[in-house]
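J.: Next up is a structure, given as structure tokens.
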Amino acid sequence: MTSDKENQDIYALIRDGFKGMQRKLETFRDQQTQITRHHRTDFGKGRIMRLYGDEMGYGFIKSNEGDEYYFNEDNLVNADFKKLKEGEKVNFIKTQGNEGPQAMRISISKKAS
């Protein structure tokens with residue numbers, strides 16, 4: 001038979017365990033919120049500088065600031081890699097890849113060239 005004191009001790013342990021877990025989850029949430037708040041999307045504009053073949057499907061963009069960004073055909077939005085032309089104006093998101101600057105979510109500029 002268990003006494004009321006033993007039951008209270010068990011309930012206190014369970015309650016304290018849940019409170020501790022709640023504090024950990026709140027700390028984790030605050031850390032994730034902090035990361036999200038500091039996330040910034042860096043948009044770029046530029047021109048297609050070089051294209052490498054239909055089979056390879058990649059190229060380079062030169063930004064208006066003069067920086068060079070690698071891209072592959074998977075990052076094109078509503079555009080066909082085979083129809084791209086060197087010198088064509090584009091908009092993109094600047095990112096840092098494993099081997100240097102990369103362009104993502106590339107779209108053809110709607111403004112006249």
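The values are calculated or read from the model by the stated rules, or taken from the named source; none is laboratory data. What you see is a predicted model; the values in this text were computed from it and never measured.
J.: Of all residues in the range 59-107, which are assigned to a loop (DSSP other than H, G, I, E, B) and within 15 Å of the chain's Cα centre (by Cα)? Step through it out loud before you land on a result.
T.: The initial filter retains those residues of the range 59-107 that are assigned to a loop (DSSP other than H, G, I, E, B), namely 64-67, 77-80, 84-88, 98-99.
Result: N98, single match.
J.: Can you name the condition, by its number, that M56 falls short on among (1) at pLDDT below 90; (2) in the same structural domain as T95 (by TED's automatic domain parsing); (3) part of a helix (DSSP H, G or I)?
T.: Against the list (1) at pLDDT below 90; (2) in the same structural domain as T95 (by TED's automatic domain parsing); (3) part of a helix (DSSP H, G or I), M56 comes up short only on (3).
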